[in-house]
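Let me begin by presenting the structure, written as structure tokens, before commenting on it.
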Amino acid sequence: MNKCKDCKNKCCGSKFLGLKESFKYPKPDLFCQLLLSQEEVDRIVEYGGKDFIEHRDGKSYIALNPDNSCKAFTNGKCAIYDVKPDVCNLYPYFFDPFCGIVLDKNCEKYGVEDFNELTKEERLRIFDILKKRLEFFEEEELNKNDEGE
């Protein structure tokens, strides 16, 4: 997304109120920490980022710092940028299990109208990632139901 290159906020940075603050909760859970698919885990581990993955209750998440900010965001940049999770690739769009596809209102560079200005290839890329993410959450929900949670 071209507008990001000129943005001074840097969505995961300390001055931005978007994702970094959105994922800060006293007790991280599925809705405030990035749940990773096995494909994302493999990609990050192969890149050398195994320290940025946390395993809990048979699931893998992006590891968090003590203040619940993303551990992969160090020295003002993402240490796993080239293999970052799908949800990071989608930003400022994301999937909320309660609301569907959402645009982060804290992003100063993108608005709803900008989606219509994306090229067909960019829109298809976003839809493909969202579809993959939705299928992942569907599978997680089915597994949860099968396990009687």
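The values are calculated or read from the model by the stated rules, or taken from the named source; none is laboratory data. All of these numbers come straight from a predicted model, not from anything done at the bench. No Cβ is skipped: glycine too gets one built from the backbone with ideal geometry, and neighbour counts run over all protein chains shown. The protein model used for the area step is the full one, side chains on, heavy atoms only, and it has no ligands, DNA or RNA in it. Shrake-Rupley method; radii C 1.70, N 1.55, O 1.52, S 1.80 Å.
Data table
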| read-out | value |
| --- | --- |
| Test for PHE127: is it loosely packed, with under 15 Cβ neighbours inside 10 Å and not polar (S, T, N, Q) | yes |
| Region 49-95 - residue that is part of a loop (DSSP other than H, G, I, E, B) and in contact with a Leu (Cβ under 9 Å, 6 or more places away or on another chain) and, of those, modelled with the highest pLDDT | PRO85 |
| Output for region 38-61, where each listed residue is of a type in the set (Gly, Ala, Ser) and open to solvent by less than 70 Å² (accessible area, probe 1.4 Å) | GLY48, GLY49, SER60 |
